[in-house]
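Written out below as structure tokens is the structure these notes cover.
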Amino acid sequence: SINLFHSATVDSTGSPTVRCASEPAADVPTDLLPLGLVEAPVALPGQLKHDLYIPNHYEAGYAYPLIVWLTAADAPRDTLKTTMRRISDRNCLAVAVRPDSAKRLEDHLVETVRAVRRKYHVHSERIYLAGIGDQATRALKIGLARPEWFGGIIALDPVLPDQYRWLSRFEALQGKRVFLAADSHNPAQIEATRQIQRLLWSSGMSVSAYFNETQGSVDHGLLREINRWMI
């Protein structure tokens, strides 16, 4: 299954608490929860250091948004830094999550975000799951299945496969935020994006759509728009 992780709220005492979906409880390892409880800072795993973006002039007293990029195992490691600098060199943290044959994607995401939060100051309600192409579709699946885990979803050039219950958490999706993007030179991709936008609107979600002017690439206008949408 592609169900996942995250979300903390603050109770009346000011302490972070976690809200977990009631189903399927068996899919979420209890030893990985609660994500909302941030332990004392620790050193990051060596592998994660290469897939982490820290903004210029990082300030520990500020709670940063975090973009969690789903990416292919063979994606160049400098891609995250290049992309994030074009989005913003100050406004947010980011981490790339690559497939791990020894772990389920859900577990891997949980561990990754918890590791980042132990080391850096992350805003618990502004964690965004993101992807491009196939990874965008996966981000939508995870984000819609576990809307309480994320502040929003960023899906660039996603595709909606048939025979999938996208709105199975219909009642929990209202007001959630999604950013969609597609190549403005690709009519099929435009229509697919419009279809996804209409579907998500039907559940009461807040959905923004952007269409790239630069054919076949993630252009600067799109990256600036992601920053504006996120902030």
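The values are calculated or read from the model by the stated rules, or taken from the named source; none is laboratory data. Just so it is clear, the model here is predicted, and its values are computed rather than measured. Heads up: the accessible areas ignore ligands, DNA and RNA and are worked out on the full protein's heavy atoms, side chains in. Shrake-Rupley method; radii C 1.70, N 1.55, O 1.52, S 1.80 Å.
Numbers at a glance
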read-out	value
Arg77 - accessible surface, heavy atoms, 1.4 Å probe, Å² rounded to 10	90 Å²
Residues of type lysines that Lys81 reaches as a straight line, Cα spacing below 16 Å, ignoring anything fewer than 8 places off in the same chain	Lys49
Listed residues Thr82, Thr137 arranged by accessible area, highest first, probe 1.4 Å	Thr82, Thr137
Heavy atoms of Thr112 accessible to a 1.4 Å probe, total area in Å² rounded to 10	10 Å²
Solvent-accessible surface (1.4 angstrom probe) belonging to Ser168, in square angstrom, nearest 10	60 Å²
Ranking by accessible area, most exposed first, for Glu191, Glu106 with a 1.4 Å probe	Glu191, Glu106
Within straight-line cross-link reach of Lys176, lysines at Cα separation under 25 Å, skipping those fewer than 8 residues along the same chain	Lys141
